[in-house]
């Protein structure tokens, strides 16, 4: 559509409707905003879609990365660097093609990560809590799973001789990364499952497609270890598995080219040119939030470092690769009502995207950045330009007071742990639980542990049904346009790469 529009404008250039200089008699002709937008238009008109085959596909999923999350992270990243946050740009802001994704599920107005991730990697919408199965399977119906599996683009890639990888700051058996390889009627069957079904961790190790994943990096170590085995890092902690299996040992037993690592030192020592298949599990459960990672004495790589290692390893493929990179803890921080940690994990996610841009070519690598669903955080009030995004609202430099005479923050949630009225304890009546809104006058709302106030008191803030953004760059990225169904993401990746096509 964009190319058609540019051609149409070029065809009428004799009428002065395209490519003409700005009329200098316009009163705004020298305004910096005006001239900047005019330069942007010239760049858009000159843009040429890339239509060659995608040799590589990288799908970035910012779990819970709503559009307000991206906006607030852009502002915070700029403010932390001492530049204008509002006009700052993240890596995704440089992507030429953007669409909106409808995130509803087969049975849900507001989805969770299991069906949304399944939609992105398999092309079908399915039911809440379900991974890698079609919409005919009910939640926790173990028996119905057989024969209703859908095939993922990762499985197609392995069958075609491509190489594959998954990265997450969450557990690698969590819903989004698990959608690349698992088929289960309950996303929570991470280390155990009812008789007749396989748990998610076992499905990763036993994955029957091609020669298996070449790169798996994230958290969730205890889900691969028996409950009789001590965790190598956390004193007093053991594995979760009840079946006695040590899946990390089973991984290395596949062959000498399969290695298992669990800390930053081992990660740094990897020989990425050796053609090894790497399983790296750096935490017993989820990896650290970015804001807390540097204080972790055990050490773990950043999302950008894991992305760089994966791409370096996968670029050795003769045919190409498919890689998923999930910023999984954006979602967790939002559930906690903790905007600061959500934004810093979004900034770390942005750094991983920039790493991928730097290490790959736009001519042969399609990069798609999106979210699986949204969250209820909003940017509100009328704060001054440059007001701290984590701060209270100020207009004209003065703190704005709400109708109750108290300050309020620019960021807030519709529901969550920071509820205006606290969540009720067992046996407590509504009247007993009621309390006035906290006065923020002497509260440091920029503190990393601060929980933004929320309207509805809920122990865990919820997802929302908002559309989320899709950013794309590379071969056939221009197919992302307008408002689309979330499962279109698979179809564009399939078309661009030829995977799953005749």
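Miscellaneous remarks
- Residue count for segment 246-276 under the criterion of being in contact with a helix residue (DSSP H, G or I) (Cβ under 8 Å, 6 or more places away or on another chain), in contact (Cβ under 8 Å) with a residue 24 or more places away in the chain and not in a loop (DSSP other than H, G, I, E, B): the result is 5.
- Filter result (touching a helix residue (DSSP H, G or I) at 6+ places or on another chain (Cβ under 6 Å) and buried (at least 24 other Cβ atoms within 10 Å of the Cβ)) within segment 324-343: 325, 326, 327, 329, 330, 333, 334, 342, 343
- In segment 399-426, the residues that are assigned by TED's automatic domain parsing to the domain that holds residue 342 never reach a residue that is in a loop (DSSP other than H, G, I, E, B) and modelled with pLDDT of 95 or more with C-beta atoms less than 7 angstrom apart, at least six apart or across chains.
- Of the residues making up segment 60-91, those that are in contact with a helix residue (DSSP H, G or I) (Cβ under 6 Å, 6 or more places away or on another chain) and surrounded by 19 or more Cβ atoms within 10 Å (Cβ to Cβ) number 14.
- Criterion (more than 14 Å from residue 281 (Cα to Cα) and outside any loop (DSSP other than H, G, I, E, B)) met by exactly one of 193, 157, 201: 157
- Pairs, first on the phi > 0 side of the Ramachandran plot and in contact (Cβ under 8 Å) with a residue 12 or more places away in the chain in segment 194-215, second part of a loop (DSSP other than H, G, I, E, B) and buried (at least 21 other Cβ atoms within 10 Å of the Cβ), C-beta under 8 Å, six or more apart: 210/162
- Residue in segment 143-155 that is surrounded by fewer than 24 Cβ atoms within 10 Å (Cβ to Cβ), in contact (Cβ under 8 Å) with a residue 60 or more places away in the chain and closer than 21 Å to residue 372 by Cα present: yes
- Residue match in segment 161-184 (condition: surrounded by fewer than 24 Cβ atoms within 10 Å (Cβ to Cβ) and in the same structural domain as residue 122 (by TED's automatic domain parsing)): yes
- Among the residues of segment 129-165, those identified as more than 21 Å from residue 495 (Cα to Cα) and in contact with a helix residue (DSSP H, G or I) (Cβ under 6 Å, 6 or more places away or on another chain) are 129, 130, 131, 137.
The values are calculated or read from the model by the stated rules, or taken from the named source; none is laboratory data. Everything quoted here is computed from the prediction, not taken from an experiment. Positions of Cβ are backbone-derived with ideal geometry, glycine not excepted, and every protein chain shown enters the neighbour counts.
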